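The structure appears below as structure tokens.
The values are calculated or read from the model by the stated rules, or taken from the named source; none is laboratory data. Keep in mind that what you see is a predicted model, and the values were worked out from it rather than measured. All Cβ positions, even for glycine, are placed from backbone atoms using ideal geometry, and neighbour counts span all protein chains on display.
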Amino acid sequence: MKISFYAIVKSGQLVWENPGQLASYLLSLEGRGVAVSIGRRFKGRSIQQNKYLWSCVYPAIADWVGEENIEDIHETMKSMFLVDRTKKIPVVRSTTRLTTVEMNEYIERIAVFAAKNGVIIPEAI
């Protein structure tokens, strides 16, 4: 089983967010080999960003084009604004893999596109 524990690096040392839980887990692995990897923590899109996208942004676009299926709007917007062309074959990225910054940029691109076409996206509250 793989489990993640989070820390912040301060003065070259790891300061664990939940050291007690980490200690308990390490005790359960006593005598066993383990794999440890360290990388920058991924801060995915927020729940608020996702709610705004699905409750304000996509419905405004759907109303404009006369589409009832919001999922179709989602797929269309991704194909317009989330294509990763760095690979040999372009890949449409998923919003679930976006960081909070990338999600803001995605929503902003949609809002600019909408505004150019006379569609007003309500601002997030």
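Some points to look at:
- Whichever residue in the range 1-44 is among the aromatic types (Phe, Trp, Tyr) and within 22 Å of the chain's Cα centre (by Cα) and, among such residues, is surrounded by the most Cβ atoms within 10 Å (Cβ to Cβ): PHE5
Every residue, every condition in (1) under 30 Å from MET1 (Cα atoms); (2) assigned by TED's automatic domain parsing to the domain that holds TYR6, yes or no:
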site	(1), (2)
GLY33	yes, yes
TRP64	no, no
THR76	no, no
ARG93	yes, no
THR96	yes, no
THR99	yes, no
TYR106	no, no
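- Here LEU26 fulfils each of the conditions (1) part of a helix (DSSP H, G or I); (2) in the same structural domain as THR100 (by TED's automatic domain parsing); (3) of a type outside the set (Phe, Trp, Tyr) apart from (2).
- Some residue of the range 91-102 being out of contact with any strand residue (DSSP E or B) (no Cβ under 6 Å at 6 or more places or on another chain), free of Cβ contacts under 8 Å to residues at least 40 places away in the same chain and part of a loop (DSSP other than H, G, I, E, B): yes
- Residue in the range 42-65 that is acidic (Asp, Glu), outside any strand (DSSP E or B) and more than 18 Å from GLU123 (Cβ to Cβ) present: no
- Number of residues in the range 1-33 that are closer than 21 Å to LYS43 by Cα and either touching a helix residue (DSSP H, G or I) at 6+ places or on another chain (Cβ under 6 Å) or of a type in the set (A, V, I, L, M) (or both) equals 9.
- Filtering the range 104-125 to residues that are farther than 18 Å from GLU75 by Cβ, in a helix (DSSP H, G or I) and touching a residue at least 40 places away in the same chain (Cβ under 8 Å) leaves ASN104, ALA111.
- Count - residues of the range 77-90 that are free of Cβ contacts under 8 Å to residues at least 24 places away in the same chain and either surrounded by 15 or more Cβ atoms within 10 Å (Cβ to Cβ) or touching a helix residue (DSSP H, G or I) at 6+ places or on another chain (Cβ under 8 Å) (or both): 1
- Checking the range 46-67 against the condition returns a match, with at least one residue being touching a residue at least 60 places away in the same chain (Cβ under 8 Å) and either loosely packed, with under 15 Cβ neighbours inside 10 Å or among the basic types (Lys, Arg) (or both).
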